[in-house]
Amino acid sequence: MSNVYTQKIIVLVGYMSAGKTTIAKEIANRFKLTYYDTDEIIENTFNQSINNIFDKHGELFFRKIEHQVFSEIMNDKNAVIISTGGGLPCYFNNHEFLKYDHVNSIYLKYQPQTLVNRLLADKKNRPLINQLSDEELLEFVSKHLFERNYYYMQAKHILPCDNKSINEILNECISIIDTK
Ligand code: S3P
């Protein structure tokens, strides 16, 4: 395994709870890349949780800031890895960035039921689903994923992740970025 990867901006996309942050941090460590997390940047900038930002300012406000933050990082010429919020590719043409030559984008793809299993424990911190009952979650995630799939599928690499350990997913991501 090499550790000299320096060329492209790596962007991880996928639904809430796909493990984007965990994987991105690990890759950043391995390849000594600058790591960005769009949600974390927004929370730090406003000194508020994403939940609070949605409550106080609304989703559209959040999406505009998210686009601004993402565009700025994408114009950074140094090699970086970005973990994106689950809705990011679906607004303000952010998905167009995923196809740029200097971008290595990976979609961490799961079936709705797997996402629901992962989301059940952490529903309260997620403004789009914190009002839903556990019973409503599967239908919501299935429809939502169906609508979003078009945008996620613009990523250059589609990585099916169901039934894989974090380590397996990490290694598959590394082999993708190591060879491209
Ligand atoms: C969102 C996903 C969240 C966060 C916000 C909206 C979405 O990020 O950006 O709550 O629209 O799917 P994670 O995917 O990191 O949970």
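Read-outs throughout are calculated quantities, based only on the coordinates presented, and are distinct from any laboratory measurement. Quick caveat, the model's predicted, so the values are computed rather than measured. Every residue, glycine as well, gets a Cβ built from its backbone with ideal geometry; the counts of neighbours run over all protein chains shown.
Every residue, every condition in (1) of a type in the set (Gly, Ala, Ser); (2) in contact with a strand residue (DSSP E or B) (Cβ under 8 Å, 6 or more places away or on another chain), yes or no:
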site	(1), (2)
ALA18	yes, yes
PHE31	no, yes
TYR35	no, yes
ILE42	no, no
ASN47	no, no
ILE50	no, no
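Looking at the range 37-80, which of its residues are more than 27 Å from ASN104 (Cα to Cα), touching a residue at least 60 places away in the same chain (Cβ under 8 Å) and more than 11 Å from the ligand (Cβ to nearest atom)?
ASP55
Residues are listed down the side, and each one gets a yes or a no for (1) among the small types (Gly, Ala, Ser); (2) more than 16 Å from the chain's Cα centre (by Cα); (3) surrounded by 16 or more Cβ atoms within 10 Å (Cβ to Cβ); (4) within 23 Å of ILE42 (Cα to Cα):
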{"residue": "PRO89", "(1), (2), (3), (4)": "no, no, yes, yes"}
{"residue": "HIS102", "(1), (2), (3), (4)": "no, yes, no, no"}
{"residue": "LEU108", "(1), (2), (3), (4)": "no, no, yes, yes"}
{"residue": "VAL116", "(1), (2), (3), (4)": "no, yes, yes, no"}
{"residue": "LEU145", "(1), (2), (3), (4)": "no, no, yes, no"}
{"residue": "MET153", "(1), (2), (3), (4)": "no, no, no, no"}
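I'd like the residue in the range 53-67 that is loosely packed, with under 13 Cβ neighbours inside 10 Å and not hydrophobic (A, V, I, L, M, F, W, C) and, out of all such residues, is nearest to PRO89 (Cα to Cα).
The qualifying residue nearest to PRO89 (Cα to Cα) is GLY58.
So LEU98 fits all but one of (1) in a helix (DSSP H, G or I); (2) within 13 Å of the ligand (Cβ to nearest atom); what number is the exception?
Of everything listed in (1) in a helix (DSSP H, G or I); (2) within 13 Å of the ligand (Cβ to nearest atom), LEU98 misses just condition (2).
Quick one: count up the residues across the range 155-180 that are surrounded by fewer than 18 Cβ atoms within 10 Å (Cβ to Cβ), in a loop (DSSP other than H, G, I, E, B) and not charged (D, E, K, R).
Number of matching residues: 2.
Looking at (1) part of a loop (DSSP other than H, G, I, E, B); (2) under 30 Å from SER175 (Cβ atoms), find the lone condition where ASN149 falls short.
Condition (1) is where ASN149 drops out.
Name every residue in the range 95-129 that is in contact with a Ser or Thr (Cβ under 8 Å, 6 or more places away or on another chain) and of a type in the set (S, T, N, Q), in order of residue number.
Residue satisfying the conditions is ASN125 alone.
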